[in-house]
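The values are calculated or read from the model by the stated rules, or taken from the named source; none is laboratory data. These numbers were taken from a predicted model, which means no experiment stands behind them. A quick note on method: Cβ atoms are made from the backbone with ideal geometry, for glycine too, and the neighbour counts reach across all protein chains shown.
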Amino acid sequence: MRRTLGKLWLLSTLYFSQGLPFGFFSQALPALMRQRGYSLEHIGLSSLLAAPWAFKFLWAPLVDRTGAGKPGRRKAWILPLQALAALTLAGLAFLEPQGPGLGVLMAAVVVTNVLAATQDVPTDALAVAMLSEQERGAGNGVQLAGYRVGMIVGGSAMLVLFDRLGWRLTFLLMAGLVALATVPVLLFREPAGEVPKARPTLAAVATFFRRDGAAAWVLLLVVWKAGESLGTGVLRAFLVDHGATLTDIGELLGTVGFTAGLAGALGGGALVGRLGRGAALWLFGLAQAATMLGWWYVAAHGAYPSLVATCIVEHLASGAATAVLFTWMMDACRPGLEGTDYTVQASAVVVAQGGAYALSGLSAARLGYELHFALGFGLCVGAVVLAFLVRRPLERFRSGPVATP
């Protein structure tokens, strides 16, 4: 039990480090841009700066097959990347998103995403290798909780602090938090000299897609979070347009969303083992769809109690739906190719989410908020229907013979 808790604590800090800067750039920055008069189209298209998360599978095999040595195969990558991320955030403290500095800021966002996306490869591989099949549900719940804490701190809490501290102190604080979160992995003793059972190359990516049931699984990965991402991609701008201040947004999505998000990730992860992989997938998918229906109701009626309730349901459902998806992704990884296989799957999810986020501003501007959230609801329901229709190929993919390059 103590050993399992140690694994979960380590993973929570690693994913917190990823979620912190990503939360600021994906959640806080859009609200700041809207406040400064940027259009919905520009805010939606700014999500394309997260492209490194979609293409990290190209260098994942390199990360998978290198790094062995005294620090540990995964630590050899994680430690320097964490340090560079902290330094980048500290450097951004001296640049504000206005005038000529906006272009430099956007470039720095890309650099930060490259560092975080690369760090995600050895972190995911470490998680898959460390966690037993019985630990994966809870492990993914804790992983998501750590990531969501990072996103809430970076996205919502930093919005509240931004009104009080300003740009420079906010970024210096984020840099310090990333540095502090590096301590657990620095103290972690990873077994040195691990050698992959199969040499990870880009050929490993090709063989992943040739496995029985792979087509159905990848299709589900693409659509599973697309509807939610489309709907919530303009959520901060929606709240600003309806009179919310940065502090209001931070408190609603921070205090309320923080608590619900933790409960959703931890509770959903714990329930995966009890409900079974398939039942959890359908149940949490329907809950995810309900959140889009909730935001449609808020856009149509604007009642504050419904706004709070929808925020709670969204964070609960999103955490649970992601936990079961990530558990399936871990199950699909081949021994020795954990970083590559998990990254291939994560990239498919990121491509879908990034595309949906990029289109969210265009959709909301042309359809209006009510029809926009209704469209998100329809896409979420469609994903659950697809999961049920392809349930047999999905089980074959998860439990079928393992192919190696």
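Give the residue that is farthest from residue 211 (Cα to Cα), with candidates limited to residues of the stretch 359-373 that are surrounded by 19 or more Cβ atoms within 10 Å (Cβ to Cβ) and among the small types (Gly, Ala, Ser).
Per the criteria, the residue is 364.
Just to be sure before I move on: is residue 338 in contact (Cβ under 8 Å) with a residue 60 or more places away in the chain and under 14 Å from residue 257 (Cα atoms) in the structure I sent? Full working, then the answer.
Details: in contact (Cβ under 8 Å) with a residue 60 or more places away in the chain: yes; under 14 Å from residue 257 (Cα atoms): no.
Judged against the criteria, residue 338 is not a match.
The rows are residues; the columns are (1) under 22 Å from the mean Cα position of the chain (by Cα); (2) modelled with pLDDT of 80 or more.
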position: 346; (1), (2): yes, yes
position: 354; (1), (2): yes, no
position: 360; (1), (2): yes, yes
position: 371; (1), (2): no, yes
position: 381; (1), (2): yes, yes
position: 389; (1), (2): no, yes
position: 401; (1), (2): no, no
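Give just the number: which of (1) out of contact with any Asp or Glu (no Cβ under 9 Å at 6 or more places or on another chain); (2) modelled with pLDDT under 85 does residue 331 not satisfy?
The number of the failed condition is (1).
Being at pLDDT 80 or above, among the basic types (Lys, Arg) and over 18 Å from residue 329 (Cα atoms) is the filter here; which residues of the stretch 133-164 pass it?
Passing the criteria: only 164.
Within the stretch 195-228, take every residue that is among the small types (Gly, Ala, Ser) and surrounded by 23 or more Cβ atoms within 10 Å (Cβ to Cβ) and give me the one that is modelled with the lowest pLDDT.
Initial filter on the stretch 195-228 (among the small types (Gly, Ala, Ser)): 198, 203-204, 206, 213-216, 226-227.
With the extra rule that they be surrounded by 23 or more Cβ atoms within 10 Å (Cβ to Cβ), the set shrinks to 204, 226-227.
Numbers: 204: 68, 226: 87, 227: 88.
If we take residues in the stretch 195-228 being among the small types (Gly, Ala, Ser) and surrounded by 23 or more Cβ atoms within 10 Å (Cβ to Cβ), then 204 is modelled with the lowest pLDDT.
Can you go through 302, 278, 261 and tell me which one is surrounded by fewer than 20 Cβ atoms within 10 Å (Cβ to Cβ) and over 24 Å from residue 134 (Cβ atoms)? Explain how you work it out, then say what you get.
Working: 278 fails: over 24 Å from residue 134 (Cβ atoms); 261 fails: surrounded by fewer than 20 Cβ atoms within 10 Å (Cβ to Cβ).
Going through 302, 278, 261 in turn, just one is surrounded by fewer than 20 Cβ atoms within 10 Å (Cβ to Cβ) and over 24 Å from residue 134 (Cβ atoms): 302.
With the condition kept exactly as written, say whether any residue in the stretch 343-355 is assigned to a helix (DSSP H, G or I), in contact with a helix residue (DSSP H, G or I) (Cβ under 9 Å, 6 or more places away or on another chain), more than 22 Å from residue 54 (Cβ to Cβ) and of a type outside the set (Asp, Glu).
No, because not a single residue in the stretch 343-355 is assigned to a helix (DSSP H, G or I), in contact with a helix residue (DSSP H, G or I) (Cβ under 9 Å, 6 or more places away or on another chain), more than 22 Å from residue 54 (Cβ to Cβ) and of a type outside the set (Asp, Glu).
Residue 292 is checked against (1) touching a Cys at 6+ places or on another chain (Cβ under 8 Å); (2) assigned to a loop (DSSP other than H, G, I, E, B) and fails just one. What number does that condition carry?
(2)
Would you call residue 284 among the aromatic types (Phe, Trp, Tyr), under 21 Å from residue 220 (Cα atoms) and buried (at least 21 other Cβ atoms within 10 Å of the Cβ)?
On the way: among the aromatic types (Phe, Trp, Tyr): yes; under 21 Å from residue 220 (Cα atoms): yes; buried (at least 21 other Cβ atoms within 10 Å of the Cβ): yes.
Here the answer is yes, as residue 284 does meet what is asked.
If residue 255 satisfies every condition in (1) among the polar types (S, T, N, Q); (2) over 30 Å from residue 65 (Cβ atoms); (3) at pLDDT 75 or above but one, which is the exception?
The failed condition is (3).
Scanning for something of a type in the set (D, E, K, R), surrounded by 21 or more Cβ atoms within 10 Å (Cβ to Cβ) and out of contact with any Lys or Arg (no Cβ under 9 Å at 6 or more places or on another chain), does the stretch 309-318 turn up at least one residue?
Step one: of the stretch 309-318, the residues of a type in the set (D, E, K, R) are 314.
Keeping just the survivors that are surrounded by 21 or more Cβ atoms within 10 Å (Cβ to Cβ) gives 314.
Those still in the list that are out of contact with any Lys or Arg (no Cβ under 9 Å at 6 or more places or on another chain) too: 314.
So far as the stretch 309-318 goes, yes, one or more of its residues are of a type in the set (D, E, K, R), surrounded by 21 or more Cβ atoms within 10 Å (Cβ to Cβ) and out of contact with any Lys or Arg (no Cβ under 9 Å at 6 or more places or on another chain).
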